[in-house]
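What follows is a set of notes on a single structure, which appears directly below.
The values are calculated or read from the model by the stated rules, or taken from the named source; none is laboratory data. Keep in mind that what you see is a predicted model, and the values were worked out from it rather than measured. We place every Cβ from the backbone using ideal geometry, glycine too, and count neighbours over all the protein chains shown. Heavy atoms of the whole protein, side chains included, go into the accessibility calculation; ligands, DNA and RNA do not. Shrake-Rupley method; radii C 1.70, N 1.55, O 1.52, S 1.80 Å.
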Amino acid sequence: MSLFRKKSIDVILKNAENDSGHSMAKHLGVRDLTAFGIAAIIGAGIFSTIGKASADGGPGVIFLFIFTALACSFAAFAYAEFASLLPVSGSAYTYSYVAFGELFAWIIGWALIMEYAIGNVTVALSWSDYFTSLVSNTTPYQVQEWLCLDYFTAKEHYAKVFSLLVGGLTLDEIKASENGGLIEGFLAYSNAPKLFGMRIIFDLPALVINLLITILVYRGIKESRNASNLMVLVKIAVVILVIIVGAFYIDVKNWNPFLPNGVGGLLKGISAVFFAYIGFDAISTTAEECKNPQRDLPRGILYSIVICTILYVAIALVITGMVKYSELAVGDPLAYVFEKIKDLHWLSGIIAVSAVVAMASVMLVFQLGQPRIWMSMSRDGLLPPAFSKIHPKYKTPSFSTIFTGLLVALPIFFVDINMVTDICSAGTLFAFCLVCGGVLKLRMDPNAPPSKFKTPYVNAQYIVPALLLLFLILAFTKFSDTTFYFLKWESLSAFFMKLPMYTFVIGFFVIAFLSFKHKFSLIPVLGLLCCFYMLSQLGYKNWLYFTVWLVVGLVIYFLYGYHHSKLSKKSLN
């Protein structure tokens, strides 16, 4: 029984029709799919992380948005080709099953949990921050600190503030200093009620929004579509309003220098900027609910990336033109720049409301995607049958939806938002790499069926080796002290810190050789290289966390999935 046993496309399509016992409702067209993509992409990136990225990279952060958009677009072509070939609710998991076999399929399915379910923990906590801030700034009410923070963060902040108080500082002095953010945790821990001697501290708004989104997704794809379309209209209207109004207050002097911290400063924001694009691939999980998936899925994926990139670049130019880039390292950069201008205070309130809507729409798409991954894995026997159960009335994967809601809810009690953002990006980039590689693998198979959407072919035989040569020249010359710091040997510990970049360099050589030998198609190769490079920039700690996550997944696979797979010897006989 091979770990790399593959599933034929015919078998996958047959399972999608028969294994669940009920078909899913088909309500989605290209407009709805594009809206889902925009709903997933326009969220934390434009309302939060764009600030830190702009502070690090200056106005030149637009180049990072464009580069990331190109990388995602290359990957999007691969997703689109697979989605046209396999219009089922499996996304990268199913695509990997066809291209690389069962073990890789399980690994990517497990990694996608980090993008959708674990990623939604981040979004829920961000939504809570915006919501509680909106309530305190626009109403006479305020959410108690112990109801909008996790227990362990509150306990840690309490210990730090207590230490500072013992050292002679007052609460006002701590609040006025750089440690002011610790006060919220201190007050949460100090004022929290107790039950059996245990302090009750949890993020209530995050739990409530997770519950509401789970109920909406459980009720049906039509209801989810309508809610998504409405939220997308609201946030696009606000983003366009911000761009138009802000354009009149741009001071071009703020754009000089355009790259104040050089390439090194620019690349500091790569994780934040990539996180802004996470989610477009969730569109492919709704394939079985599309009216014409082979035509509409590719269009929806590509349209959403193009629209969002234009909006991201425009917003970045506006906010870095309105204020100096160095002022933008704040959690709510859009609201901040409009609060700085007296005549535009009214717009900061609208932005705050839009941010709450935007975060909710991201949660909606992510919460749609994860249950459909569970469902596909269950159909293949890698998870218990309950995960593939379709609700007879609502036509949604009922058990998987509830399970996903619980998976998001539990970490909210104890996880800090900073803990999951980067590892979420790692899981997503890993999925992108495998999907791009999967397209290349299928192109090498003469028996692979044709796809109705095919990525335009450009011969990479000489282009990729030339890019490798250019990469090495730059590594040894212009960027040796910034981007390509891996060339300098310092110590064994430093070696491990640079291991992700070493891995990328070795991978680049391998990809260049294979491109020359097999005349690979250029677009999926560029997608693979770009995503692999961004993955290498996330840092060795995130690679370590991701490796631990994969090891846990492999343990589950060998204890259950390996023995229950429908491609086992027993089922084949």
Residues (in contact (Cβ under 8 Å) with a residue 60 or more places away in the chain and either within 14 Å of I113 (Cβ to Cβ) or open to solvent by 10 Å² or more (accessible area, probe 1.4 Å) (or both)) located in region 363-378: F366, Q367, G369, Q370, P371, R372, I373, M375, S376, M377
Residue pairs, Cβ under 9 Å, 6 or more apart or interchain, first in region 119-132 and at positive phi, second modelled with pLDDT of 85 or more. List them. none
Being in contact (Cβ under 8 Å) with a residue 24 or more places away in the chain, under 22 Å from the mean Cα position of the chain (by Cα) and open to solvent by 50 Å² or more (accessible area, probe 1.4 Å) is the requirement here; does R299 meet it? yes
State whether one or more residues within region 277-288 are among the charged types (D, E, K, R) and either modelled with pLDDT of 80 or more or more than 27 Å from T477 (Cβ to Cβ) (or both). yes
Working only within region 294-338, note down all residues that are outside any helix (DSSP H, G or I) and of a type in the set (D, E). D332
Checked against (1) among the hydrophobic types (A, V, I, L, M, F, W, C); (2) open to solvent by less than 70 Å² (accessible area, probe 1.4 Å); (3) modelled with pLDDT under 85, V166 satisfies every condition except (2)
Residue within region 514-527 that is among the hydroxyl-bearing types (S, T, Y), at pLDDT below 90 and in a helix (DSSP H, G or I) present: no
Since L207 meets every condition but one in (1) at pLDDT below 85; (2) out of contact with any strand residue (DSSP E or B) (no Cβ under 7 Å at 6 or more places or on another chain), which condition does it not meet? (1)
Is it the case that some residue within region 260-274 is outside any helix (DSSP H, G or I), at pLDDT below 85 and under 17 Å from I66 (Cα atoms)? yes
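Results for (1) farther than 27 Å from I506 by Cα; (2) part of a helix (DSSP H, G or I); (3) aromatic (F, W, Y); (4) at pLDDT 85 or above, shown as yes or no for each residue.
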site: M534; (1), (2), (3), (4): no, yes, no, no
site: N542; (1), (2), (3), (4): no, yes, no, no
site: F546; (1), (2), (3), (4): no, yes, yes, no
site: W549; (1), (2), (3), (4): no, yes, yes, yes
site: V555; (1), (2), (3), (4): yes, yes, no, yes
2 or more residues among the hydroxyl-bearing types (S, T, Y) and farther than 30 Å from S54 by Cα: qualifying helices (runs of 4 or more DSSP H) within region 142-258: 151-166, 182-191, 204-219
Within region 198-219, is there a residue that is open to solvent by less than 20 Å² (accessible area, probe 1.4 Å) and without any contact (Cβ under 8 Å) to a residue 24 or more places away in the chain? no
Give just the number: which of (1) in contact (Cβ under 8 Å) with a residue 40 or more places away in the chain; (2) of a type outside the set (D, E, K, R); (3) assigned to a helix (DSSP H, G or I) does W346 not satisfy? (1)
I'd like to know if region 107-119 contains one or more residues that are of a type in the set (A, V, I, L, M, F, W, C) and closer than 25 Å to I200 by Cα. yes
What number of residues within region 303-330 are open to solvent by 10 Å² or more (accessible area, probe 1.4 Å) and among the aromatic types (F, W, Y)? 2
Could you check how many residues of region 331-348 are of a type outside the set (D, E) and open to solvent by 30 Å² or more (accessible area, probe 1.4 Å)? 7
